[in-house]
Each structure stands twice: as C-alpha cells, then as structure tokens.
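The values are calculated or read from the model by the stated rules, or taken from the named source; none is laboratory data. From a predicted model like this one, the values you see are computed outputs, not experimental measurements. Note: ideal-geometry Cβ built from the backbone for every residue, glycine included; neighbour counts use all protein chains shown. The accessibility values were calculated without ligands, DNA or RNA, using every heavy atom of the protein model including side chains. Shrake-Rupley method; radii C 1.70, N 1.55, O 1.52, S 1.80 Å.
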Amino acid sequence: MAKVLTVGEILVEIVATTKGDGFREAQPLIGPFPSGAPAIFIDQVGKLGTPCAILGRIGDDDFGQLNLDRLRADGVDVSGVEIAPGESTGSAFVRYREDGSRVFVFNIANAACGTLPATPHGRAVMDGCTHMHVMGTALAAPGLAARAMEAIEVIRKNGGTLSFDPNLRPEILNTPGLREALDNVLEQTDLFLPSGDEIFLFTEAQTEAEAAAELLERGVRDIVIKRGADGASHFNAGGRTDAAAIAVEELDPTGAGDCFGGAFVSFWLNGADPATALTHANAAGARAVTRLGPMEGTSTRAELATLLATTETA
Ligand code: ADP
C-alpha cells in the first residue's frame, strides 16, 4: 500500500469567534488548535487509514506537543518531526471579515517550522514513502523549500507519485523564487489540486476546461478543481466528472481544501474511480467547514459515510 509523505509547517492556530474589523473586535479568540496546511492534510490522510508521514519542525513546547499528540492519535508517522530546543512552535491567528474572507497573522518564518535542515533520518523517512503531496506554502518558506524539493526528488527516484495543491495565500505570492518552484513542481505532478482560479496561474487558457486540457497535455494525469460551496470537478484522459458540494452550514472554512485533498489523495491512491474519490473528498471538505478549528473537522471513513447518507448536495 502507498505511503504518503508531506513536508511543511506544523502550527497552532488561534481563531476569532466573532466577525470584526480587527482582532480586538473579533473576541473572544479560542485555541490553540493544531494546524498548518500540510499537517491538516496529512491528518486527514491518516484518519482514513492510509499510511502516511510528515516531515516538519516544532518547538520543545506545549504547542508542539499538542500537534504531535493529535497527529500520532490519527495514525500519522511523526518520527520525522524534529523538535527544536529553545525555539517556538509556529502560530497563526485568524479572524473573519463580514464578507467571509479571512485575515491571518502568521508566525512561521521565524518559528521552528520555518526551517528544516537535511538529516539522514529525514532522508530515511522520504525513502520509506511512495507518494509525496506538495503544498505551495512549503515552497514559499525558504528554509523549507529545499526539503520539499529533496523529498520530491527522492520519491520520484524511487518510482513514487506526486500530488500538488498550490494553496497560494495572497501574502506569499511575491516570495522570491516561488514562481519557478511552482512551475518546476507542476511539471512533475501526477495529481493537481488547485482551488478557485489558481489553475490560471499555470496556463494562459481562458476557461477551466481549456486549462485542464492543456495541463493534461503537459503531462499531469489527474486534475481536480475545488470551488468551495460550489463543489469540485475532476479531469483526466477519460473525461470530466463534476460533483456538487454537500449542503452544510459553514462555520469555519479554514482547512476545507486540505481535508478535501487528504481524502481525494487517499481514494486516488487506493484506485477509486473519479466519481467516488470526488464524492468522498467533497464530504471531507464539507465536514471540515462545519467545525471550528482548522484540524477539528478531519474525518474517518465512518464519518464520511454518515455525512453522505444523511445530507443532500448543495
Ligand atoms: P481551499 O480551502 O483550498 O480554498 P475550497 O474552499 O475550495 O478549498 O474548499 C475545498 C472543498 O471543500 C470544496 O471543493 C468543497 O468540496 C468543500 N467545501 C468548502 N466549503 C464548503 C461549503 N461551504 N459547503 C460545502 N462544502 C464546502
């Protein structure tokens, strides 16, 4: 069975519970919740019973321990998580605007998660995996990008597969070197999972269908476009499959795309047909938005089955 690897930030997140123009207005704040896009993704993979591991770095503090405990409990191999003495675990604060958009304050670059030195042990963890999931956020942190690229190279050399979620937050878009790294990763990608308009950062095409056709031509095997409450579409050589989102009440959108990705990758690696993988990924994304806290809405198979049996599409 495939073993999934991801590389990147492991954080705690503090979440505003009311909307407001600033953090002082959006009170009370609650948390800390385990977080970090790669951590949420891999937690979802682990919860579905697919073997998986994460390479990252945390401080020798309660925040790091909170993440280790959660990831371990959900079946993630955390032997590649380095504990940095004297450094702090990364953090993020999030509040919501009236229009539903989010404002983040991140402490990543100067926290333990901002770097990940090469080690023989990290290399051994890479060698033990057969699929790599790349998050754009890991490519945007200069101290992490080299490890992500090393992992891609190792997995590729060992005959493994690659999935890629650009996950491009506006504040990282101008990171020096990011553009080249994104293009380089896309050229090696088997399964591409952009959200909203992200696909248009990689092609001059005017429509989603044309963009997908071009990327398939360029060698990507499967493409899944996520569209929040408007569902998702899958494209491959066999054609196009659309799936409506599942009708739920959105409480907290953070982590939806990571949960969707974790579920899609698990089903894809296990040979599910596109419609089955899309349906379960939609359910994972939908369940994620019904829970406050980014990693609180990761799902087991039984939880996905219950949601699918009891809800309608939007
Ligand atoms: P990202 O977090 O990467 O921007 P999206 O917001 O597109 O990703 O959400 C990923 C997936 O989660 C969607 O394709 C959909 O399946 C599900 N999802 C997100 N928001 C909702 C919602 N409000 N209702 C139902 N499903 C949702």
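Whenever you get a sec, line up T241, T313, T115 from highest to lowest accessible area (probe 1.4 Å, protein heavy atoms).
So, going from the largest accessible area down, we get T313, T115, T241.
Using the Karplus curve 6.51 cos²θ - 1.76 cosθ + 1.60 with θ = phi - 60°, work out ³J(HN,Hα) for each residue of the range 167-181 in order, rounded to whole Hz, and write x for Gly and Pro.
Values, residue by residue: 6, 8, 6, x, 6, 9, 4, 8, 4, x, x, 5, 3, 5, 5 Hz.
Could you work out how much longer the chain between L216 and N174 gets when fully extended? Use 0.36 nm per residue separation minus the Cα distance between them, nm to one decimal. Write down the numbers at each step before the final one.
On the way: separation 42, 0.36 × 42 = 15.12 nm, distance 2.69 nm.
Once the chain is fully extended between L216 and N174, it gains 12.4 nm.
Can you send over the solvent-accessible area of K157, 1.4 Å probe, protein chains only, in Å² to the nearest 10?
About 140 Å², rounded to the nearest 10.
Over the chain, what percent of the accessible surface lies on carbon and sulfur atoms, probe 1.4 Å?
Numbers: 6630 of 12730 Å².
With neighbouring chains kept in place, the figure for the chain is 52 percent.
Given the Cα-Cα distance of D242 and T17 and 0.36 nm per residue of separation, how much length would full extension add, in nm?
Values: separation 225, 0.36 × 225 = 81.00 nm, distance 3.34 nm.
Full-extension gain reported as 77.7 nm.
Given the range 45-186 reduced to its alpha-carbon atoms as identical point scatterers, what log10 I(q)/I(0) does the Debye formula return at q = 0.14 Å⁻¹?
Those come out to -0.72, one per q.
Just to be sure I understand the model, the point goes 7 Å from the Cα along the line to the Cβ. What's the resulting D60 to T290 distance in nm?
Going from the D60 label point to the T290 one covers 4.3 nm.
Going by accessible area, probe 1.4 Å, with all protein chains left in place, what is the ranking of H131, H121, largest first?
H121, H131
Long-range amide H contacts for E82: which residues qualify at under 5 Å (H placed 1.01 Å from N, peptide plane, sequence gap of 5 or more or a different chain)?
G56, R57, I58
Residues in the range 289-304, backbone N under 17 Å from the label point at A73 (7 Å along the Cα-to-beta-carbon vector): list them, ranges by number please.
291-301, 303
Divide, for the range 4-310, the radius of gyration over alpha carbons by 2.2 N^0.38 Å, where N is the residue count.
0.93
If you count only protein heavy atoms and use a 1.4 Å probe, how large is the accessible surface of I152, to the nearest 10 Å²?
Accessible surface of I152 is approximately 0 Å².
GNM, the chain, Cα, under 10 Å: largest mean-square fluctuation among N158, N167, N282?
Greatest mean-square fluctuation among the candidates belongs to N158.
For R24 and F200, calculate 0.36 nm times their separation in residues minus their Cα-Cα distance, and state this gained length in nm to one decimal.
59.7 nm
Heavy atoms of the protein only, probe of 1.4 Å, neighbouring chains included. What is the accessible area of D165 in Å², nearest 10?
Result for D165: roughly 10 Å² accessible.
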